[in-house]
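Scroll down for the structure; my scribbles are underneath it.
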Amino acid sequence: MAVGEKRTMVARIGAALGFLCGVIGLLAGLTQQVWKLGPLEWFTGGTLLTLLAVYALVDGAIAFQKTQPPK
């Protein structure tokens with residue numbers, strides 16, 4: 001694997017999981033069902049996970065860019 005590819009893959013998985021948590025939070029809010037975690041907690045967790053994934057994606061892109069020879 002090239003430099004930054006592993007971080008990019010982890011970031012994409014994290015973004016997908018964050019999106020899934022956000023959708024679960026939206027469904028929990030729309031259905032008004034009582035779950036162990038409420039809609040706000042699911043949505044907040046998904047937002048935090050997505051922000052961390054974006055940070056990892058940018059970090060991987062910067063690491064990849066640093067390995068490229070200057071033009």
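The values are calculated or read from the model by the stated rules, or taken from the named source; none is laboratory data. Everything quoted here is computed from the prediction, not taken from an experiment. Ideal geometry is used to build each Cβ from the backbone, glycine not excepted, and the neighbour counts take in all protein chains shown.
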Original post:
Quick check, is VAL34 hydrophobic (A, V, I, L, M, F, W, C) and either out of contact with any Phe, Trp or Tyr (no Cβ under 9 Å at 6 or more places or on another chain) or part of a loop (DSSP other than H, G, I, E, B) (or both)?
Top reply: yes
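For (1) at pLDDT 85 or above; (2) not small (Gly, Ala, Ser), each residue gets a yes or a no:
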site	(1), (2)
LEU17	yes, yes
GLY22	no, no
TRP35	no, yes
PRO39	no, yes
ASP59	yes, yes
PRO70	no, yes
Subject >> Residues located in the range 18-51, provided they are surrounded by fewer than 18 Cβ atoms within 10 Å (Cβ to Cβ) and under 11 Å from the mean Cα position of the chain (by Cα) >> reply: PHE19, LEU20, GLY45, THR47, LEU48, LEU51
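Take the range 3-21 and flag every residue that is out of contact with any Phe, Trp or Tyr (no Cβ under 7 Å at 6 or more places or on another chain) and not charged (D, E, K, R). First the steps, then the outcome.
To start, the set of residues in the range 3-21 that are out of contact with any Phe, Trp or Tyr (no Cβ under 7 Å at 6 or more places or on another chain) comprises 5-20.
Result: THR8, MET9, VAL10, ALA11, ILE13, GLY14, ALA15, ALA16, LEU17, GLY18, PHE19, LEU20.
Any idea which of VAL10, VAL3, VAL54 is surrounded by 12 or more Cβ atoms within 10 Å (Cβ to Cβ), outside any helix (DSSP H, G or I) and in contact (Cβ under 8 Å) with a residue 40 or more places away in the chain?
Working: VAL10 fails: outside any helix (DSSP H, G or I); VAL54 fails: outside any helix (DSSP H, G or I).
It is VAL3.
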